[in-house]
Amino acid sequence: MIAPDKSALTVNPGVDQPPSVNPEAMARLRQLRRPPLTLDQMEQGIAEGNITVLSQAITLLESSRPDHAEQAQALISRCLPRAGRSVRIGLTGVPGAGKSTFIEAMGTAITAMGHRLAVLAIDPSSERSHGSILGDKTRMERLSANPMAFIRPSPSAGSLGGVARKTRETIVLCEAAGFDVIFIETVGVGQSETAVHSMVDFFLLLMIAGAGDELQGIKRGIMEMADLIAINKADGSNLQRAKLARAEFQNALHLFPPQESGWTPQALTCSALNSEGLHEIWDMVQEHIAHTKGNGYFDLRRNRQAKYWMHEAINEALRHNFYNDPRIAAMLEQAEADVMESRLSSFVAAQQMLEAYYMQTK
């Protein structure tokens, strides 16, 4: 047996690796880095329609830092007097319906009419990594390069309510920056439609021929919210099927109770790929806005939405304060263990923590 100190296998010390980033270059970059904009500078930049400043303001709004949240709310308050002058359009549809292609084609047509368009797209975040692809700018290359358009993808971050509230506040910033048409694209068919419906003037459901059977479980709830159903991909060999689907959806719309606004939803066909049927859809949007403004429902709906989001803000603040309370944080782990071991019911455990929270806040 070879003694350890006589072994032919030896490990020599390695060579120290240089840093991956040149420290001198990083120091120069820090010197060149501009100081953060003040509230006055942000307000002025947004009022001038500066896209770079608008992007920075939205980033500030989406930050989870308490000091950033305070600055963002102050900025929102300053921008509110210049907001509210846009047409807000919600867009949802089944996966594969061509939402991004439709938005790019419709957006190109809208900006060609002289409108300024902001697209707020919510991308789903991974439940495991909490990451998000944020690929809408990649999918909308032409619109991304359009000086009359602004595309802002945002991660859902696993919190529909929080992102929806921030999306509503982002609308205020975009309107203050002079965008008169706002598109809010949802992650797809699901719970997010309710949140988006509560912040738009017009709700568009994008469908494709042949998807009816897969949507039986959710079709009614979403179709009742829709002000217009557009059957996309009505081109080539699919044209006849799209026309048949339009007729089926139009018949289905008559089965629903009439809308409070007095508007009768319609079903149309379009081809985003060939830019066909888009002007008819835009005319329908304009007709809807004129109809609801004429009978007073437009302002009524916006007032209700403002009230709804006030309550949502209260609920979110209460939830945040409750879970960030040190005493609740100390009780929570034990309460969870008691519930999982069936020593306490879920309702009793919740009541005990609520009582502890209320006693502390008195």
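Based on the Cβ-Cβ distance of Asn324 and Thr38, what FRET efficiency does E = 1/(1 + (r/R0)^6) give at R0 = 35 Å, to the nearest 0.05?
Working: r = 29 Å, r/R0 = 0.82.
FRET efficiency, Asn324 to Thr38: 0.75.
Reported to the nearest whole Å, the Cα centre-to-centre distance from the stretch 64-117 to the stretch 304-351 is 32. Counting other Cβ atoms within 10 Å as a rough exposure proxy, the listed residues Met284, Met106, Met42 run Met284, Met42, Met106 from fewest neighbours to most.
Going through the stretch 325-362, which GluC sites (Glu not before Pro) have at most 11 other Cβ atoms within 10 Å and a DSSP loop state?
Working: sites: Glu333, Glu336, Glu341, Glu355; in loops: Glu341.
Those satisfying the criteria are Glu341.
Coupling constants for the stretch 262-271 follow from the phi torsions by the Karplus curve (6.51 cos²θ - 1.76 cosθ + 1.60, θ = phi - 60°), and in residue order they are x, 7, 9, x, 10, 10, 10, 10, 7, 10 Hz; glycine and proline get x.
Applied to the stretch 338-352, the Karplus parametrisation 6.51 cos²θ - 1.76 cosθ + 1.60 on θ = phi - 60° returns per-residue 3J(HN,Hα) values of 5, 5, 5, 8, 6, 7, 9, 7, 4, 6, 5, 4, 5, 5, 4 Hz, with x for Gly and Pro. Between Thr52 and Ala313, the simple spin-label model (points 7 angstrom out along Cα→Cβ) gives 3.1 nm. A Förster radius of 25 Å, combined with the Cβ-Cβ distance separating Gln250 from Lys293, puts the computed FRET efficiency at roughly 0.50. Most tightly packed first, judged by the mean number of other beta-carbon atoms within 10 Å of their residues, the peptides 243-254, 142-153, 266-277, 302-313 read 266-277, 142-153, 243-254, 302-313. Evaluating 6.51 cos²θ - 1.76 cosθ + 1.60 at θ = phi - 60° for every residue in the stretch 87-100, the Karplus couplings come out as 9, 9, 10, x, 9, 9, x, 5, x, x, 6, x, 4, 5 Hz, glycine and proline recorded as x.
Of the options Gln360, Tyr308, Asn324, report the single residue whose Cα projects farthest towards the positive end of the charge dipole of the stretch 305-361 (beta-carbon charges: Lys, Arg +1; Asp, Glu -1). Of the listed residues, the answer is Tyr308. Which log10 I(q)/I(0) values, to two decimals, does the stretch 203-362 give at q = 0.08 Å⁻¹ under the Debye formula with one point per Cα? Computed log10 I(q)/I(0) values: -0.48. Take each peptide in 199-206, 83-90, count the other Cβ atoms within 10 Å of every residue, and average; sorted highest first, the result is 199-206, 83-90. Each peptide among 343-351, 44-52 gets the average number of other Cβ atoms lying within 10 Å of its residues, and from highest to lowest they stand as 44-52, 343-351.
No value in this document is a laboratory result; all are computed from the given coordinates. Please read all numbers here as calculations on a predicted model, not as lab measurements. All Cβ positions, glycine included, derive from the backbone under ideal geometry; neighbour counts span all protein chains shown.
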